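> Here's a structure for you.
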């Protein structure tokens with residue numbers, strides 16, 4: 001059996017299998033927008049500001065800092081909510097199991113693309129740094145000044161990000177981050 005044969009057997013994802021939504025919100029409504037979502041199945045956060053990128057499992061407090069936020073990614077096994085600054089507003093995209101909250105303005109991807117189908121593939125990638133016992137943190141000489149902090153249990157040697165890709169005709173259309181977990185150098 002070849003890789004091509006495996007692809008032919010692979011199930012394709014369509015409108016009945018996954019939710020894909022998007023829209024735009026004003027900067028001053030960012031915190032209110034995030035609070036409307038059920039984030040219980042999306043415990044991870046990546047917050048990119050003009051000063052730093054932080055990964056956490058803590059709730060996001062952006063009330064006073066919304067003007068320095070460039071991007072927020074909230075993800076987990078239930079979905080991936082991605083918000084990116086575009087001047088004085090944020091464009092957002094959600095991929096996941098559940099529909100977005102009822103009281104937000106949202107555009108359903110499937111309404112404009114009812115016949116689209118994607119191949120879904122689960123992947124993993126190692127993140128920057130190895131855990132240094134002496135320093136009590138992850139460190140990588142290539143980004144020595146960066147504070148590498150990952151919300152994973154314990155202090156594994158390496159940290160992996162798990163994600164799903166949705167592709168069409170060999171081109172990745174969407175990426176859904178699902179988990180951060182411990183790993184090892186030789187994986």
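> Once label points are set 7 Å from the Cα along Cα→Cβ at both residue 12 and residue 56, what is their separation, rounded to one decimal in nm?
For the pair residue 12/residue 56, the computed spacing is 4.3 nm.
> On full extension of the chain, what length is gained from residue 97 through residue 27, given 0.36 nm per residue of separation minus the C-alpha to C-alpha distance?
Taking residue 97 through residue 27 to full extension adds about 22.6 nm, to one decimal.
> Give me the orientation-averaged projected area of the Cα convex hull of region 18-112, in nm², one decimal.
Mean projected area of the Cα convex hull: 5.9 nm².
Every number in this text was worked out from the coordinates using simple rules, so none of it is lab data. Note that the structure is predicted; figures quoted are calculated from it, not measured. Cβ: placed from backbone, ideal geometry, glycine included. Neighbour counts: every protein chain shown.
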